[in-house]
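Below is one structure; the comments refer to it alone.
The values are calculated or read from the model by the stated rules, or taken from the named source; none is laboratory data. As the structure is a prediction and not an experimental result, all values here were calculated from the model. Every residue, glycine as well, gets a Cβ built from its backbone with ideal geometry; the counts of neighbours run over all protein chains shown.
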Amino acid sequence: MLSRALAGAICAAGLLATTCANADPGYYPMSNFMAMFSAVPRQVVSYPASSKYEPGTVVVSTHERRLYLILGKGQALRYGIGVGRDGFTWSGVSTVTDKREWPEWNPPTEMLRRRPDLPRHMRGGPANPLGARALYLGDTMYRIHGSNEPHTIGTAATSGCIRLTNEDVIDLYNRVKIGATVVVQR
């Protein structure tokens, strides 16, 4: 039994070392370790309502705490997400107007009023709450972004932004084009 555990630990260390060597600069796979146990795995699912949307459309179901990237032909790629807590949910249609890797973060004035302890500016990187990537939504203050708190995926903990694990937001970022429609449903 001990030998199996030791062999498993050696394999995990080798896999982690390989993952780190191939990872995005500044990205630490261990930061999403807890997400392996709490997040919803990304997967292609049947999505009958996909006929209402063009392929490439992002549909966010805050009630389900899921994001669907419409693939067409009745299918979508489903991601687990964190959503706005009570009083911070919203719905509507927007467009992806910008995409950034390791985005900088400037908390909005409203957030600073609630949390004066927050920094006024934070450079991009693993400690940044926006995570590895961000998709900016129209002229709103909302984004679809990664997280340095992957254990919050599947919860209602944000101030209205849509949060994914860093692995998932990198995948979504690579698939979604600027100009894509984003539909947020409650």
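Remark: pairs (first residue in the stretch 144-155, in contact (Cβ under 8 Å) with a residue 40 or more places away in the chain; second residue part of a strand (DSSP E or B) and of a type in the set (Ser, Thr, Tyr); Cβ separation under 8 Å; 6+ apart in sequence or on different chains) = THR152/THR158. Given THR109, THR97, which one is of a type in the set (Ser, Thr, Tyr) and in contact with a Leu (Cβ under 8 Å, 6 or more places away or on another chain)? Just one listed residue meets the conditions, THR97. The residues in the stretch 49-102 that are assigned to a loop (DSSP other than H, G, I, E, B) and free of Cβ contacts under 8 Å to residues at least 12 places away in the same chain can be counted, and the count is 2. Of the set (1) surrounded by fewer than 23 Cβ atoms within 10 Å (Cβ to Cβ); (2) modelled with pLDDT under 95; (3) within 21 Å of GLN43 (Cα to Cα), all apply to GLY160 but (3).
Within the stretch 91-108, the residues that satisfy the criterion of being surrounded by 15 or more Cβ atoms within 10 Å (Cβ to Cβ) and under 24 Å from ALA156 (Cβ atoms) are SER94, VAL96, PRO103, TRP105, PRO107. Report whether or not GLY56 is under 22 Å from the mean Cα position of the chain (by Cα), on the phi > 0 side of the Ramachandran plot and at pLDDT below 50. When the stated conditions are applied, GLY56 does not pass them. Within the stretch 65-105, count every residue that is β-branched (Val, Ile, Thr), within 24 Å of MET122 (Cβ to Cβ) and modelled with pLDDT of 95 or more. Residues in the stretch 65-105 being β-branched (Val, Ile, Thr), within 24 Å of MET122 (Cβ to Cβ) and modelled with pLDDT of 95 or more: 3 in total. Residue count for the stretch 86-125 satisfying the condition of being hydrophobic (A, V, I, L, M, F, W, C) and touching a helix residue (DSSP H, G or I) at 6+ places or on another chain (Cβ under 7 Å): 1.
Of all residues in the stretch 103-160, those satisfying the criterion of being of a type in the set (Ser, Thr, Tyr) and in a helix (DSSP H, G or I) are THR109, THR152. Applying the condition of being more than 11 Å from TRP102 (Cβ to Cβ) and in contact (Cβ under 8 Å) with a residue 24 or more places away in the chain to the stretch 121-136 and asking which residue is surrounded by the most Cβ atoms within 10 Å (Cβ to Cβ) yields LEU135.
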